[in-house]
Amino acid sequence: LAKQQVLQLMAAKSTSLNFIEEGPDNVGGRTRAIALDPNNNNTMFAGSVTGGLFVSYNSGSNWTRVQEFDNAVSSAASGVGSIGISSIAVSKNGTLYVATGGSQFEGGLSYEGSGTTSGDGIWYSSIDSLGVFAFEQIAATNSKDISKVQVDRSEENTLYYAGILTGLMKVVDLGTPTSVSGVSSS
C-alpha cells in the first residue's frame with residue numbers, strides 16, 4: 001500500500017514530504033570532512049569542497065560558518081589561501097586541524113570532474129567554548145595539497161598527514177614536519 005501511494009505521488013509530481021536542512025548548505029559544494037570534538041560530543045566540524053569550515057555546538061542541529069578560518073587563509077602571507085577542505089581532525093587537548101586541498105579528488109578543468117581545488121596546507125586553532133578561533137598554519141605546509149590529517153591518540157601533540165607528493169609526514173608540537181621513513185612520496 002505504501003509503495004502504491006509513493007508511486008501515485010511521484011506520478012502526480014506532488015508530495016507531502018517535508019525536508020529540513022540540517023547542516024551546511026551547498027555553499028561551495030559537497031561536505032568532504034566531518035570531525036567530532038573528543039571532549040564534547042555536541043561539538044562537530046564540517047568542511048566542504050570549496051565552501052570553508054562550519055561548526056555545530058548542538059550535535060548538528062544548527063551550523064555556523066567559521067569566518068575566522070576564511071579570514072586566516074585569505075590573509076596568509078604565503079600560499080594560495082584555499083578554503084577547499086579535505087580533512088579535519090581534533091586532538092584530545094582541543095586543537096582543531098584543518099587540511100586543505102582536493103585536486104586529487106576533483107579531476108581537472110580539462111577532463112571529467114568538477115574542477116581543481118588547490119590546497120594551502122594545514123591550519124590549526126584551539127577550540128574555544130565561546131566560538132572564537134585563531135587559526136595559524138603549520139610550518140612548511142603552505143601551498144601543499146593535503147589529502148588527510150590524523151591526530152595520534154597515543155601521543156598528545158603529534159599528528160600525521162599525507163598529500164600529493166608529500167608521502168607520510170609527522171608533526172610534533174606544531175613544529176616542522178618530518179618524513180616518516182619507508183613511505184613513498186607518491
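The values are calculated or read from the model by the stated rules, or taken from the named source; none is laboratory data. Note that this is a predicted model, so its numbers are computed, not measured. Positions of Cβ are generated from backbone atoms using ideal geometry, with glycine treated the same way; all protein chains shown enter the neighbour counts. Keep in mind that these areas ignore ligands, DNA and RNA; they rest on the heavy atoms of the full protein, side chains included. Shrake-Rupley method; radii C 1.70, N 1.55, O 1.52, S 1.80 Å.
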*Mind checking which residues of the stretch 144-170 are touching a residue at least 40 places away in the same chain (Cβ under 8 Å), surrounded by 18 or more Cβ atoms within 10 Å (Cβ to Cβ) and either of a type outside the set (F, W, Y) or in a loop (DSSP other than H, G, I, E, B) (or both)?*
K144, D145, I146, S147, V149, V151, L159, G163
*Among the residues of the stretch 134-142, is any open to solvent by 30 Å² or more (accessible area, probe 1.4 Å) and aromatic (F, W, Y)?*
no
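In this structure, is S129 of a type in the set (S, T, Y), part of a loop (DSSP other than H, G, I, E, B) and at pLDDT below 95? Break it down stepwise before answering.
Numbers: of a type in the set (S, T, Y): yes; part of a loop (DSSP other than H, G, I, E, B): yes; at pLDDT below 95: yes.
So S129 fits the description; yes.
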*Say we look at the stretch 86-117 and pick out the residues that are touching a helix residue (DSSP H, G or I) at 6+ places or on another chain (Cβ under 6 Å) and crowded, with 17+ Cβ neighbours inside 10 Å; which of these is modelled with the highest pLDDT?*
T117
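Inside the stretch 171-186, can you point out the residues that are of a type in the set (A, V, I, L, M) and either open to solvent by less than 20 Å² (accessible area, probe 1.4 Å) or not in a loop (DSSP other than H, G, I, E, B) (or both)? Steps first, please.
Quick first cut of the stretch 171-186, residues of a type in the set (A, V, I, L, M) only: 171-172, 174, 180, 183.
V171, V172 - these are the residues of the stretch 171-186 that are of a type in the set (A, V, I, L, M) and either open to solvent by less than 20 Å² (accessible area, probe 1.4 Å) or not in a loop (DSSP other than H, G, I, E, B) (or both).
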